[in-house]
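Structure record follows, encoded as C-alpha cells.
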Amino acid sequence: MLKKANIKKDPSQALAQDALTENAILDTLSDACFLLNSEGVITYANSATARFFSGQGGIGQKIDACGMAPRLSKAVLEALVENEAIVRPVILSDRETSATTLEQTGESAWLVDAAPV
C-alpha cells in the first residue's frame, strides 16, 4: 500500500515558484500584458510587450515615456485614472510612432483592455 508523504513546503519558496510559473505562462502570450502601479510606472511586462516600447523603456519607467504610440498609452492611463476596467478600440495610422506600426502602411486596429488589479 502506498502512502502519501507529508512534505511541507516553505511558503516563500512556494510563492516564488508560483511567480515564476505565472511569468512563464504570460511570456507565452503573443499579446502584450503589463502591470502599472498607481503612478503609471511599469512593474511587470511580458516579452510581447517589448514591441510596443520602441526600445525606449520598460520596467521601472512611466508608460507614457516608453515609446508606445501615444493613443495606446492614453487609453491605458484612462483606466488608471478612472480606477475601473475599460475596453477601448484604437486606430493608429502608419505615421504614429510605435514599433508595431513602423513596418506597416495604412492603419492598424488595436483593442486596449485594461483594468485595476
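Results, tabulated for the structure shown:
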quantity	calculated
Selection status of VAL117, within 23 Å of ASN37 (Cα to Cα) and either at pLDDT below 80 or of a type in the set (Phe, Trp, Tyr) (or both)	yes
Region 78-97, residues that are part of a loop (DSSP other than H, G, I, E, B) and at pLDDT 85 or above	ASN83, GLU84, ALA85
Residues satisfying the stated conditions in region 40-77, i.e. among the basic types (Lys, Arg) and either without any contact (Cβ under 8 Å) to a residue 12 or more places away in the chain or in a loop (DSSP other than H, G, I, E, B) (or both)	LYS74
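The values are calculated or read from the model by the stated rules, or taken from the named source; none is laboratory data. In this text the structure is predicted, and so the values were computed from the model without any measurement. Glycine gets a Cβ as well: all are built from the backbone with ideal geometry, and neighbour counts include every protein chain shown.
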